[in-house]
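Readers should treat all values here as calculations from the given coordinates under stated rules, not as data from a laboratory. From a predicted model like this one, the values you see are computed outputs, not experimental measurements. Because the Cβ atoms are built from the backbone with ideal geometry, glycine has one as well, and the counts that use them run over all protein chains shown.
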Amino acid sequence: MALEKYKTRRNFSKTKEPEPEPAKKNLWRFVVQKHDASHLHYDFRLELPEDIVTGDIVLKSWAVPKGVPKKAGVRHLAVAVEDHPVDYIDFEGVIPKGEYGAGRVKIFDKGKFQIVNIGERSITFNLQGKKLKGDYVLLNLKDKNWLIFKSKR
Ligand code: MN
């Protein structure tokens, strides 16, 4: 089931994060959220189908310790994390102490994106944010470990 991991990790009577409801229509948006948790990191999320059969739309998500690079050629580690509900794209606030991901969440950048190419181990997409613009690549190294970088093209 879509968003099962997201659901089991959270207590929705304690956190104000969105409920685990998948969307049915993709608006092709992305978000980068600055997350001041036990370790400060940035969460990069792309609105994408979770399942081609059900058509459920979720936010495919990666934790990026050093943030999404603005300069071409700089490669940063991006660790795949659980799918998030599409409503999370607008989430800002404080996840309470003791809850999963406790700490402040603030939107760093948001906008639309377009898929440029999907390879066997990579996704290339064009970001149209306020801060992040241009072609970016997510490259799967192994398991949950990916690299994110701005393409030189
Ligand atoms: Mn996070």
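Could you tell me how far the Cα centroid of segment 114-133 sits from the Cα centroid of segment 98-113, in Å?
So the two Cα centres are separated by 20 Å.
Once phi is turned into θ = phi - 60°, what whole-Hz ³J(HN,Hα) does the Karplus curve with 6.51, -1.76 and 1.60 give for every residue of segment 143-151, x standing for Gly and Pro?
6, 7, 8, 10, 10, 10, 7, 7, 6
In a shell of Cβ-Cβ distance under 10 Å around residue 50, excluding residue 50 itself, what net charge do Lys and Arg (+1) and Asp and Glu (-1) give?
-2
Where Lys and Arg each count +1 and Asp and Glu each count -1, what net charge lies around residue 104 among other residues with Cβ under 10 Å from its Cβ?
Working: positive: 34, 106; negative: 36, 92.
Counting the neighbours of residue 104, the net charge comes to 0.
Radius of gyration and Dmax for the chain's Cα atoms, expressed in Å?
14.8, 47
Compute the distance in nm between two label points, each set 7 Å from the Cα along the Cα-to-Cβ direction, one at residue 145 and one at residue 116.
In this crude label model, residue 145 to residue 116 measures out at 2.5 nm.
Please list 3J(HN,Hα) in residue order for segment 113-122, calculated via the Karplus relation 6.51 cos²θ - 1.76 cosθ + 1.60 where θ = phi - 60°; whole Hz, with x for glycine and proline.
Each residue's phi maps through the Karplus curve to give 9, 10, 6, 9, 7, 10, x, 5, 10, 8 Hz.
Show the residues, 5+ positions off or on another chain, whose built amide H is closer than 5 Å to the amide H of residue 56.
The list, which skips near neighbours in sequence, is 50, 51.
With r defined as the distance between the Cβ atoms of residue 104 and residue 8 and R0 fixed at 22 Å, what FRET efficiency is calculated, to the nearest 0.05?
Values: r = 23 Å, r/R0 = 1.05.
Once the sixth-power term is evaluated, E becomes 0.40.
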